[in-house]
Amino acid sequence: MCRAAASNIVMDPDEQLRTPLFDAMVGLAESRKVSFHTPGHKSGKGISTRFRKFVGPKIFSIDLTTLDEVDSLHKPRGVIKEAQELAAKAYGADRSYFLVNGTTGGNQAMILAACNPGDQVLIARNAHKSVLAGLILSGAHPVFYSPQVDERLQIMLNVTFDETKAAIDAYPECKVLFLTSPNYYGICADLERIVPYAHEKGLVVLVDEAHGPHLKFHPELPASALEAGADLCVQSTHKIIGGMTQASMLHAKATRVNLTMLTNVLRFVQTTSPSYILMASLDLARMQMATEGEKLLDKAIRLAKEARARINKIPGLFCLGRETVTGTLFSQMGDLDVTKLTITVKDLGLSGYQVSQILNTRYNIQVEMADPFHILVIVSIGDRQDDLRRLVEALREIAKEHASPAAPSALASEPLPVFAHEAVITPREAFFADQEYIPLDQSVGKVSSEIVTVYPPGIPVLAPGEIVTGEAVGYLRRMLTLGATVDGLDETNSWIGVVRR
Ligand SMILES: Cc1ncc(COP(=O)(O)O)c(C=O)c1O
């Protein structure tokens, strides 16, 4: 299930203390050279006073541009090359790339690098909307297969080995397998079985590991995608560990992927003015994880475990744990990232959105995500015991106020997401087709030209090229009523883009 030890990290701990990019940036800032180049604020001298007063002056002195001293992201030969090489060693990759447009850009780059126009890609349907953007850009054809939804917990699982094997066998023309693991709730696919099978059948395996940049660094966490043998994976360093928002990494194994192509593609999908602050945060986050990640994660895991145990003692609440994932219900899942707390609140007669709002407005606690039945809490290396204590106490009060065992949950009959819709044209064809906006109510039977998601988690309820079903419209309407944010409809949430016929 989980790895025996973190000691299989092939890296030199002393070397991992180095932060070549950050050091070069500090050196350049301290040299106080006269700047006649971008950015226009010139080390903060031209920045708004209010901004400088709030954040302090130093940050602006390292908001740099591509200069000899600090290297170039798109043609790295100096400190960025060294920083990326250190990241590759820490993560066990043949090559690692710094990303400044999040895992969104990384997902697009993986698909563009691994697929030619017309290639068939087998995609687990719990994919983020950026994967569809990658398909639109590349012209690759998706073959979707869906993870099941657990009816009892009303939570979307990950894909199983059996489901994946069946899909691989049914679609032998697919050249690439795209998986998302862990999912938003920390539920991992069984990559250690899936990846070898996919490779045996000749597929290249791409993994959206947005929620897993920490996995490699603690033996109690699920195996990472690279450890399971994936060819490419992208991680949102900013979501879980010390990267600044937007900072992600793409890791590559060279055996099945053309790294020259990947490098070229990254030049297309990323800005020519990458933020050095974001890149420095990647350099430092890697150093921190490689040198003290296990100790820091020990604490996060302990805090999450204690909170989970205490929440599970509160009547009306349930917090998903490893025993559930490895029990009969979830027996084909790979593992659970125990730092994610998925708390089922439906027995309080409240939706996750309502509990999230109460936590925010009454207790000043903000959670990562809510859905009709759950709230999702990310516990990370930044959390303190007191933060978790406040959360548990707030939940205890909310549960006490709302628990009414006599009343059946008003949410028991809420619709679950349905993702298996018939596709009649490819996402790219639908995206570039003649389109019109029509009322959602009149859209059943039409072909969607939009990526429509409930956000978060951002999994497409409708993909471009798919027939709009009554079920999908009903689900979107219900989610809107419950307070979810829906992306991909018009501003009033009542019109949808479809292909004009
Ligand atoms: C599974 C998954 N993939 C990709 C993304 C996009 O990542 P980023 O925000 O780093 O672009 C997200 C964002 O929520 C996600 O949950």
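The values are calculated or read from the model by the stated rules, or taken from the named source; none is laboratory data. Since this is a predicted model, take the numbers as computed values, not measurements. As a convention, Cβ positions derive from the backbone with ideal geometry for all residues, glycine included, and neighbour counts pool all protein chains shown. The protein model used for the area step is the full one, side chains on, heavy atoms only, and it has no ligands, DNA or RNA in it. Shrake-Rupley method; radii C 1.70, N 1.55, O 1.52, S 1.80 Å.
Can you list the strands (runs of 3 or more DSSP E) found entirely within the range 438-501 that contain at least 3 residues being of a type in the set (G, A, S), at pLDDT below 95 and not assigned by TED's automatic domain parsing to the domain that holds Q357? Spell out how you get there, then give the answer.
On the way: elements: 452-455, 459-462, 485-487, 495-499.
The strands (runs of 3 or more DSSP E) meeting that bar number zero.
Output the residue which, of all residues in the range 100-109 that are near the ligand (Cβ under 8 Å from one of its atoms) and closer than 18 Å to K253 by Cα, is surrounded by the fewest Cβ atoms within 10 Å (Cβ to Cβ). Can you show your working first?
Applying the first criterion (near the ligand (Cβ under 8 Å from one of its atoms)) to the range 100-109 yields 101-107.
Now restrict to residues that are closer than 18 Å to K253 by Cα: 103, 106-107.
Working: T103: 27, G106: 30, N107: 29.
Only one residue tops the list, namely T103.
So is F318 of a type outside the set (S, T, N, Q) and surrounded by 17 or more Cβ atoms within 10 Å (Cβ to Cβ) or not? Even if it seems obvious, please write down each step before you answer.
Values: of a type outside the set (S, T, N, Q): yes; surrounded by 17 or more Cβ atoms within 10 Å (Cβ to Cβ): yes.
Taking the combined requirement at face value, the residue satisfies it.
Conditions (1) aliphatic (A, V, I, L, M); (2) within 27 Å of the chain's Cα centre (by Cα); (3) at pLDDT 70 or above; (4) assigned to a helix (DSSP H, G or I), marked per residue:
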{"site": "E397", "(1), (2), (3), (4)": "no, no, yes, yes"}
{"site": "K400", "(1), (2), (3), (4)": "no, no, yes, yes"}
{"site": "S404", "(1), (2), (3), (4)": "no, no, no, no"}
{"site": "L411", "(1), (2), (3), (4)": "yes, no, no, no"}
{"site": "V418", "(1), (2), (3), (4)": "yes, yes, yes, no"}
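Of all helices (runs of 4 or more DSSP H) completely enclosed by the range 40-148, which ones contain at least 1 residues that are modelled with pLDDT under 95 and out of contact with any Leu (no Cβ under 6 Å at 6 or more places or on another chain)?
Numbers: elements: 49-55, 58-61, 79-91, 102-114, 129-138.
Result: 129-138.
Might you check whether a residue that is open to solvent by less than 30 Å² (accessible area, probe 1.4 Å) and within 25 Å of the chain's Cα centre (by Cα) occurs anywhere in the range 60-74?
Within the range 60-74, one or more residues are open to solvent by less than 30 Å² (accessible area, probe 1.4 Å) and within 25 Å of the chain's Cα centre (by Cα).
Pairs under 9 Å by beta carbon, first residue closer than 17 Å to A254 by Cβ in the range 219-238, partner among the aromatic types (F, W, Y) and away from the ligand (no atom under 16 Å from the Cβ), six or more apart or different chains?
Qualifying pairs under 9 Å: L226/Y91; C233/Y91.
Give Q366, Q288 a once-over and let me know the one that is at pLDDT 95 or above and exposed (fewer than 15 other Cβ atoms within 10 Å of the Cβ).
Working: Q288 fails: exposed (fewer than 15 other Cβ atoms within 10 Å of the Cβ).
Q366 is the lone residue from the list that is at pLDDT 95 or above and exposed (fewer than 15 other Cβ atoms within 10 Å of the Cβ).
Taking the stated definitions as given, is T328 outside the structural domain of K75 (by TED's automatic domain parsing), open to solvent by 10 Å² or more (accessible area, probe 1.4 Å) and either of a type in the set (S, T, N, Q) or modelled with pLDDT under 95 (or both)? It would help to see each step written out before you state the result.
Details: outside the structural domain of K75 (by TED's automatic domain parsing): yes; open to solvent by 10 Å² or more (accessible area, probe 1.4 Å): yes; either of a type in the set (S, T, N, Q) or modelled with pLDDT under 95 (or both): yes.
Judged against the criteria, T328 is a match.
Based on what the data block shows, is F54 open to solvent by 40 Å² or more (accessible area, probe 1.4 Å) and within 17 Å of M249 (Cα to Cα)? Please lay out each step first, then the result.
Values: open to solvent by 40 Å² or more (accessible area, probe 1.4 Å): yes; within 17 Å of M249 (Cα to Cα): no.
No; evaluated as a whole, the condition is false for this residue.
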